[in-house]
Amino acid sequence: MIIKYFGHSAFLVDIGKKILFDPWLKGNPWVKEPVEVNADYIFVSHSHSDHGLEDAINISQKTDVPIISIFELANYAKQKGARAIGGNIGGIMKVDELEVFLTPALHSSSLGSPVGFIVKYNGKTLYHAGDTGYFAEMKFLGKRFNIDVAFLPIGGTFTMGVEECLFAIKDLKPGFAVPMHYNTFPAIKAEPQRLKEKLKTH
């Protein structure tokens, strides 16, 4: 597995297929120069501009790579000329050889409900939580799926902070937890090292 972090909540994860999550590339303070991304699938958690819907649409228009998201957001992307596949929260959704499970996310969005994603392929299971606070159903996700890597927000203000993320990790029981959505703006200042240290005693 190869993970590339573009900052904020944007990741490219290669598990035999290249999975691009929340690809905010244009205007992202973490991205210092133009980035060309080669992906097989794009996942967009919600419509806020810092999660890459505009970038995803542009990439899909150029490459025909599908955007996978909540039904309303996918329909919007289609109207803009992108290739998109919509689903909803509840059960496994088959996308070619991928198994995709849309999870709740405690947040807001102007296009359908905000979501996270569990993606299964090639014996690997990824969980990208999107923008979310802690929610009790994370215990279910930890029991339902054997999560190899969980990408979890720690910035506070708009999402979980470090303390809440500790509870999420305890419930999800991932092989690895990767912090995201921090230090992009002053309001989401956080120290990922603090999460690592607290996990040793939590």
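Taken over the stretch 38-53, the residue count meeting the criterion of being assigned to a helix (DSSP H, G or I) and within 13 Å of the chain's Cα centre (by Cα) is 3. In the set (1) assigned to a strand (DSSP E or B); (2) hydrophobic (A, V, I, L, M, F, W, C); (3) in contact with a helix residue (DSSP H, G or I) (Cβ under 9 Å, 6 or more places away or on another chain); (4) crowded, with 22+ Cβ neighbours inside 10 Å, the condition left unmet by CYS165 is number (1). Scanning the stretch 175-202 for residues that are closer than 30 Å to GLY27 by Cβ and either in contact (Cβ under 8 Å) with a residue 12 or more places away in the chain or touching a helix residue (DSSP H, G or I) at 6+ places or on another chain (Cβ under 9 Å) (or both) yields a count of 18. None of LEU53, LEU152, LEU106 is touching a Cys at 6+ places or on another chain (Cβ under 6 Å), within 20 Å of ILE188 (Cβ to Cβ) and at pLDDT 95 or above except LEU152. Considering only residues that are aliphatic (A, V, I, L, M) and either at pLDDT below 95 or assigned to a strand (DSSP E or B) (or both), look in the stretch 10-30 and name the one that is nearest to ASP131 (Cα to Cα). Filtering first and then ranking leaves ALA10.
The rows are residues; the columns are (1) crowded, with 20+ Cβ neighbours inside 10 Å; (2) part of a loop (DSSP other than H, G, I, E, B).
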site	(1), (2)
ASP55	yes, no
ILE59	yes, no
ILE68	yes, no
ALA74	yes, no
ALA82	yes, yes
PHE101	yes, no
SER109	yes, yes
GLY112	no, yes
PHE117	yes, no
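Being in a helix (DSSP H, G or I) and within 20 Å of LEU126 (Cα to Cα) is a property that does not hold for ILE147. Close contacts from the stretch 94-106, counting a first residue that is closer than 23 Å to ASP131 by Cα and a second that is loosely packed, with under 15 Cβ neighbours inside 10 Å and charged (D, E, K, R), with Cβ to Cβ under 9 Å and a gap of 6+ residues or different chains, come to VAL100/LYS94; PHE101/ARG144; THR103/GLU137; PRO104/GLU137. Flag not set for ILE92, criterion: under 15 Å from the mean Cα position of the chain (by Cα), closer than 22 Å to ALA150 by Cβ and modelled with pLDDT of 95 or more.
Being in contact with a strand residue (DSSP E or B) (Cβ under 8 Å, 6 or more places away or on another chain), of a type outside the set (Val, Ile, Thr) and more than 21 Å from LEU12 (Cβ to Cβ) is the requirement here; does SER108 meet it? So SER108 fails the test.
Identify the residue in the stretch 1-22 that is more than 13 Å from ILE68 (Cβ to Cβ) and in contact with a His (Cβ under 9 Å, 6 or more places away or on another chain) and, among all such residues, is surrounded by the fewest Cβ atoms within 10 Å (Cβ to Cβ). Looking at the filtered set, the residue picked out is PHE11. Under 6 Å by Cβ, and 6 or more places apart or on different chains, what pairs join a residue from the stretch 48-72 that is among the polar types (S, T, N, Q) with one that is assigned to a loop (DSSP other than H, G, I, E, B)? Every condition considered, the pairs that remain are SER60/ALA82; SER60/ARG83; GLN61/GLY81; GLN61/ALA82; SER69/VAL44. The set of residues in the stretch 168-191 that are surrounded by fewer than 16 Cβ atoms within 10 Å (Cβ to Cβ) and not in a loop (DSSP other than H, G, I, E, B) comprises LYS170, PHE176, PRO186, ALA187.
The values are calculated or read from the model by the stated rules, or taken from the named source; none is laboratory data. No experiment lies behind these values; they were computed from the predicted model shown. All Cβ positions, even for glycine, are placed from backbone atoms using ideal geometry, and neighbour counts span all protein chains on display.
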